[in-house]
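Have a look at the structure below before the remarks.
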Amino acid sequence: MADYVYGPGRTHLFVPGPVNIPDPVIRAMSRNNEDYRSPAIPALTKTLLEDVKQIFKTTTGTPFMFPTTGTGAWESALTNTLSPGDRIVSFSLGQFSLLWIDQQQRLGFSVDVIESDWGYGADLAALETRLRGDSGHTIKAVCIVHNETATGVTNDLHAVRKLLDAYRHPALLLVDGVSSICALDFRMDEWGVDVALTGSQKALSLPTGLGIVCASPKALEAAKTAKSVRVFFDWKDYLKFYKMGTYWPYTPSIQLLYGLRAGLDLIFEEGLENVIKRHARLGAATRLAVEAWGLKNCTQKEENFSDTVTAVVVPAYIDSSEIVKHAWKRYNLSLGLGLNKVAGKVFRIGHLGNLNDLQLLGCLSGVEMVLKDIGYPVKLGSGVAAAAAYLSNSTPLIPSRI
């Protein structure tokens, strides 16, 4: 089938999700439906459940693969571990943390919101104040977005865990890892994360449609007494079918399961640590390009720079949405819009998933042409040169081709 709006050549997809899908994954998904009650699908599912634990870096966690988006994974994390009226501390620092807070409030939890200006990380001093004052342990969970995609801010999860431990606080630590897991350093067991979640359309490089949740033993214990209503997202139903060896309480997406198998195989072939290092290189190269253009990163502190998305602040006389529109209309390049408080003020370059240096340099070249077209005084080749100089000095040989 032809593209709905045709453009010659390859579409350059550089939004921070959904991302490019590698050809082996597309081929793996190009298959007919199967009976999910046959022996084949449970056997496939069993291997997937074991292997997704590796991307969370857990040996003790229990994963659940829901046919849903990250929003559904959020709901699963909350409703399985908490009861209506429970007090949650939640950080607001960008559009996606804001949306999760909205969901928490609509599900009936008492949400204590810690606000940060957009572009800054989570205010851990404010969290410490709340923990210090909560000798009665009324806080039942701390919710945090690891990587805020709207602003390109990565938060320090280890620091959150150290605070909880310092005050010997039993609150659950619930983490949105949608745009971080499988791209940024994430250590579920080591950092004491109780529920972590991600979506298939981000660093896993699959189509949207799988929300993957991983629960610690402590979270599974909390689920036994949590009184929130849940049906579709109920862990208990999944655990019952796990015990039976059939794994699915309802029909899964067969094609996505085969795609996930192929996607994980690619990640493991490259090596998860190498995947994380590759994202670090691509993030650093993008930031060098932005600096060479004379533009600013939305993220205010280097410690919070994201290696999966860079939000670029434009001068006040430019509407960043025009950059995004022009890139798509003229160069078949898709960039991320500025959202909510930063709408019109930033555009976003996604650099996550199955992506290499030359693909990124093509994107940066396109951004330069767009900036020139709309009247920003950019020197063509400046950002590309800065990124290329860094990458040529830091990119290793492809391990499988040595």
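The values are calculated or read from the model by the stated rules, or taken from the named source; none is laboratory data. Remember, it's a predicted structure, so these values are computed and weren't measured experimentally. Quick reminder, even Gly has a Cβ in these numbers, built from the backbone with ideal geometry, and neighbours come from all protein chains shown. Accessible surface is based on the protein model in full, side chains and every heavy atom, while ligands, DNA and RNA are left aside. Shrake-Rupley method; radii C 1.70, N 1.55, O 1.52, S 1.80 Å.
Atom-type composition of the exposed protein surface of the chain places 54 percent of the accessible area on carbon and sulfur (1.4 angstrom probe). When the chain is treated as a Gaussian network with alpha carbon springs shorter than 10 Å, the biggest mean-square fluctuation among THR246, THR58, THR225 belongs to THR225. To the nearest 10, the accessible area of ARG187 is 80 Å² with a 1.4 Å probe. Taking the DSSP beta bridges with both ends in the chain, the antiparallel portion is around 50 percent.
The value of relative contact order for the chain, using C-alpha pairs under 8 Å at least six residues apart, is 22 percent. Accessible area per residue for the chain is 44 Å², calculated with a 1.4 Å probe on protein heavy atoms, without ligands, DNA or RNA. Paramagnetic label reach from HIS137 (point 7 Å along Cα→Cβ; backbone nitrogen cut-off under 17 Å): within segment 64-106, residues 81-83, 86-89. With helices as the sole contributors, the chain gives -12500 deg cm²/dmol at 222 nm; each DSSP H run of n ≥ 4 counts as -39500 (n - 2.57), and the sum is divided by every residue. In a fully extended conformation the segment linking ASP51 and ASP165 would gain 38.1 nm over its present Cα-Cα distance, using 0.36 nm per residue. Full extension of the chain segment joining ASN340 with GLU302 gains 11.4 nm, where the gain is 0.36 nm per residue of separation less the Cα-Cα distance.
FRET efficiency for the pair ARG31 and LYS325, taken as 1/(1 + (r/R0)^6) with r the Cβ-Cβ distance and R0 = 30 Å, rounds to 0.25.
Sum up the charges of everything whose Cβ sits under 15 Å from the Cβ of SER365, counting Lys and Arg as +1 and Asp and Glu as -1, but leave SER365 out. Once positives and negatives cancel, what remains is +1. The equivalent ellipsoid that matches the C-alpha gyration tensor of the chain spans semi-axes of 35, 27, 18 angstrom, in descending order.
Remark: spin-label model distance LEU239-THR59 equals 2.2 nm, labels positioned 7 Å along the Cα→Cβ axis.
Accessible area of MET244 (1.4 Å probe, protein heavy atoms only, ligands and nucleic acids ignored): about 120 Å². Here r is the Cβ-Cβ distance between VAL231 and GLU128 and R0 is 51 Å; the resulting FRET efficiency, rounded to 0.05, is 0.85.
In this simple spin-label model, placing a label point 7 Å from the Cα along the Cα-to-Cβ direction at both SER400 and THR251 gives a separation of 3.4 nm.
Take the chain, connect every pair of alpha-carbon atoms lying under 10 Å apart with a spring to form a Gaussian network, then pick out the residue of SER253, SER135, SER205 with the largest mean-square fluctuation. Comparing SER253, SER135, SER205 in the GNM, the peak value goes to SER135. Straightening the chain between VAL5 and LYS379 buys 131.5 nm, computed as 0.36 nm per residue apart minus the Cα-Cα spacing. Computing FRET efficiency as 1/(1 + (r/R0)^6) for ASP189 and PHE268, where r is the C-beta to C-beta distance and R0 is 22 Å, gives about 0.75. Summing Lys and Arg as +1 and Asp and Glu as -1 over all other residues whose Cβ lies under 15 Å from the Cβ of THR308 gives a net charge of +2.
Calculate, in whole percent, how much of the Cα-Cα pair population of segment 204-316 lies beyond 25 Å. Counting pairs separated by more than 25 Å, the tail of P(r) holds 52 percent.
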